[in-house]
Amino acid sequence: CEVGAYDDGSACVACGGSSALPMVLLSLVGIALLFLLCFVINRDFLLQSHGSLACVIATGNLFAGIQTLSVFSQLSIEWFEPIATLLNLMKLLSFDLKVLKMGCLVGGNPVVQYALRQFVAPVCGVFILVVLCGKKYFKPAVIVWVEFINTCGTIFNLFFISIIISTFTPLVCYAHPGGHSHSMRASPSTLCFADEGHSAMVVIGLIAFALAPLPFFSAAIVCTIKYPSMTAKVSPSSAVFLQATRFFFFKFAPNRYFYGISMLLRSLLVCLVPVVIRDDVPLQVMVMCLIISTFLMVQTQTMPWRVPLNNFFDTAINLAMLLLMVIGSMAIG
């Protein structure tokens, strides 16, 4: 789109006087939520009631399910209403700020818009660090780096699917009639591996993946391996370790501490489906159902959640995802 217009998903629409308002409001709400999370997340979860813990776990499971819908919107399925509108709204969770008329603030260049999407996570990290430093000023007992890891880890764990699919966006392409060229699904005017802008976005996405999701996933594996030895002894180092990584382990039963890796792996595989499998809708549906059902089986066999009721809630969410895939398969052919 030209300067002074934004992409509404089907055409370029001229910006109005209040077009930037949704973006500004979201920024203010995001800042307020981050500020609040810096204090709420670092409370001692052992002081929380059983019901509060169940609500926290259920909210995380529901949020992961909603983010999975944003991945479904990247598939080649021709979704019908009202599912199409619902999935379009879910794009906001993958930091697709076009939904908020981002073009009215930064212009219509897709490379600039995509680069700004990748800055969301680092900017949040800097803001969290500033808030925690201010918190230590008023409360000297605060260990900044421990609370920083716990806060950022909680947010990364919660938004893992969104962060992954955001970095993979340039690699999600669809074929033009005849199959001679491909366009980005998120930006149809950008030809995959043919435009310089697309090449720039691929580089930005790979750098963003190497700087955020990949280190987080690797650190989660290392912490999971170290968890048994750290909990087997009582020492200052083990206490600090448990405080810094409680975002990853406190939700699970003590003997199911490893289930967090299973969830991250499931999220990564789900995000890879529209990247690896293009235009082949039946294969996309089959592989997506295979991934969800496989990890559903793992979940029902291990019953990992600290609050037993959350196991049934998690099962219900995964079954809803499978049902949505069955509905999507009806649009094939």
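Count of region 228-239 residues, restricted to those that are touching a helix residue (DSSP H, G or I) at 6+ places or on another chain (Cβ under 8 Å) and either outside any helix (DSSP H, G or I) or surrounded by 15 or more Cβ atoms within 10 Å (Cβ to Cβ) (or both), is 2. Of all residues in region 228-235, none are under 19 Å from the mean Cα position of the chain (by Cα) and among the small types (G, A, S). Yes or no: region 307-317 includes at least one residue that is outside any helix (DSSP H, G or I), more than 22 Å from A175 (Cα to Cα) and open to solvent by less than 30 Å² (accessible area, probe 1.4 Å). Among the residues of region 307-317, at least one is outside any helix (DSSP H, G or I), more than 22 Å from A175 (Cα to Cα) and open to solvent by less than 30 Å² (accessible area, probe 1.4 Å), which makes the answer yes.
Report yes if I292 is touching a Leu at 6+ places or on another chain (Cβ under 6 Å) and either of a type in the set (A, V, I, L, M, F, W, C) or in a helix (DSSP H, G or I) (or both), otherwise no. Considered against the rule, which asks whether it is touching a Leu at 6+ places or on another chain (Cβ under 6 Å) and either of a type in the set (A, V, I, L, M, F, W, C) or in a helix (DSSP H, G or I) (or both), I292 comes out as yes. Scanning region 132-151 for residues that are part of a helix (DSSP H, G or I) and open to solvent by 20 Å² or more (accessible area, probe 1.4 Å) yields C133, G134, K135, K136, Y137, F138, V144, W145, E147, F148, I149.
Per-residue answers, yes or no, for (1) crowded, with 22+ Cβ neighbours inside 10 Å; (2) modelled with pLDDT under 85:
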| residue | (1), (2) |
| --- | --- |
| F72 | yes, no |
| P82 | no, yes |
| L92 | no, yes |
| L100 | no, yes |
| G107 | no, yes |
| A115 | no, no |
| F160 | yes, no |
| P170 | yes, no |
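If you go through region 294-306 and keep only what is surrounded by 15 or more Cβ atoms within 10 Å (Cβ to Cβ) and either among the polar types (S, T, N, Q) or touching a strand residue (DSSP E or B) at 6+ places or on another chain (Cβ under 9 Å) (or both), you end up with Q299, T302, P304, W305, R306.
Across region 208-223, not a single residue is classified as touching a helix residue (DSSP H, G or I) at 6+ places or on another chain (Cβ under 7 Å), closer than 23 Å to R278 by Cβ, part of a loop (DSSP other than H, G, I, E, B) and not small (G, A, S).
Filter region 249-263 down to the residues that are surrounded by 15 or more Cβ atoms within 10 Å (Cβ to Cβ) and assigned to a helix (DSSP H, G or I) and list them by number. Within region 249-263, F249, R256, Y259, G260, I261, S262, M263 meet the criteria.
When A208 is tested against (1) within 20 Å of the chain's Cα centre (by Cα); (2) among the small types (G, A, S); (3) more than 30 Å from V126 (Cα to Cα), just one condition goes unmet, and that condition is (3). All of I57, I41 fail the test of being within 16 Å of L158 (Cα to Cα), open to solvent by 30 Å² or more (accessible area, probe 1.4 Å) and at pLDDT 80 or above, apart from I41.
Yes/no per residue for (1) open to solvent by less than 50 Å² (accessible area, probe 1.4 Å); (2) free of Cβ contacts under 8 Å to residues at least 12 places away in the same chain; (3) part of a loop (DSSP other than H, G, I, E, B):
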residue	(1), (2), (3)
S183	yes, yes, no
G205	yes, no, no
K226	no, no, no
P282	no, no, no
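Checking R278, R266, R246 one by one, the residue that is buried (at least 17 other Cβ atoms within 10 Å of the Cβ) and more than 24 Å from S166 (Cβ to Cβ) is R246 and no other.
The values are calculated or read from the model by the stated rules, or taken from the named source; none is laboratory data. The structure presented is a predicted model; accordingly, all values stated were derived computationally and were not measured. With ideal geometry, Cβ positions are generated from the backbone for all residues, glycine too; neighbour counts draw on all protein chains shown. These area figures cover heavy atoms from the full protein model, side chains too; ligands, DNA and RNA do not enter into them. Shrake-Rupley method; radii C 1.70, N 1.55, O 1.52, S 1.80 Å.
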